[in-house]
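Below: the structure, in structure tokens.
The values are calculated or read from the model by the stated rules, or taken from the named source; none is laboratory data. Because the structure is a prediction, the values reported are computed rather than measured. Every residue, glycine as well, gets a Cβ built from its backbone with ideal geometry; the counts of neighbours run over all protein chains shown. Only protein heavy atoms, including side chains, enter the accessible area calculation; ligands, DNA and RNA are left aside. Shrake-Rupley method; radii C 1.70, N 1.55, O 1.52, S 1.80 Å.
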Amino acid sequence: MSIRLVEDVSDGTYVLDRLDIKLTPALPWLGHQVRWEMTGHLKEPVDLTRVTCNVIMKFGPVRMLDRKYRLPDLLEGMGAKLSGHLRPAAGPWRQTWNFQLPEAVPVAEHRIQLRARTDGGKYFLALDIALNFSHRFRPSPTSGRTGARMLPGSP
């Protein structure tokens, strides 16, 4: 049985098609790094530096964050950056990011909705991310690491 933490909820109108996302480890732990590998097919050229992302984060029923970011700024806030060609042509597309999950996160089910648009206003991608940071997903304390990152502008 496979657990999908990240669900592609885009449809045929989105620029990024046939999206596949792989997380390593499959069940990320707080305070540890997670590798995000994303492959898909671009229907048209995209300037990734100008993609805007609307991020809504909820803890249970409470909306804790509703903010717009440029894609590079969002990634930077999570300790990652765009890789490869910043203005890829139509065709196969791949990105790999390494994020450091924060250690100090409220014990709750976190739901993140990420909706991205190109600089021309076209739908780029739509993701729903479900993370359950209960005590069972908190491994033994890390060895003195500090400075874990959260989404920029989050509490």
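Averaged over residues, the count of other Cβ atoms within 10 Å places the peptides 61-71, 120-130 in the sequence 120-130, 61-71, highest first.
Each eigenvalue of the Cα gyration tensor of region 1-98, multiplied by 5 and square-rooted, gives one semi-axis; in descending order these are 22, 17, 15 Å.
Keeping the other protein chains in place, figure out the carbon and sulfur percent of the accessible area of region 19-85, with a 1.4 Å probe.
Carbon plus sulfur share of accessible area: 54 percent.
Put simply, the C-alpha atoms of region 68-114 give a gyration tensor, and the ellipsoid matching it has half-axes of 26, 12, 11 Å, longest first.
Here the spin labels are modelled as points 7 Å beyond Cα on the Cα-Cβ line, and at residue 128 and residue 89 they lie 3.7 nm apart. For the pair residue 56 and residue 97 in one chain, pulling the backbone fully straight at 0.36 nm per residue adds 12.7 nm over the alpha carbon distance.
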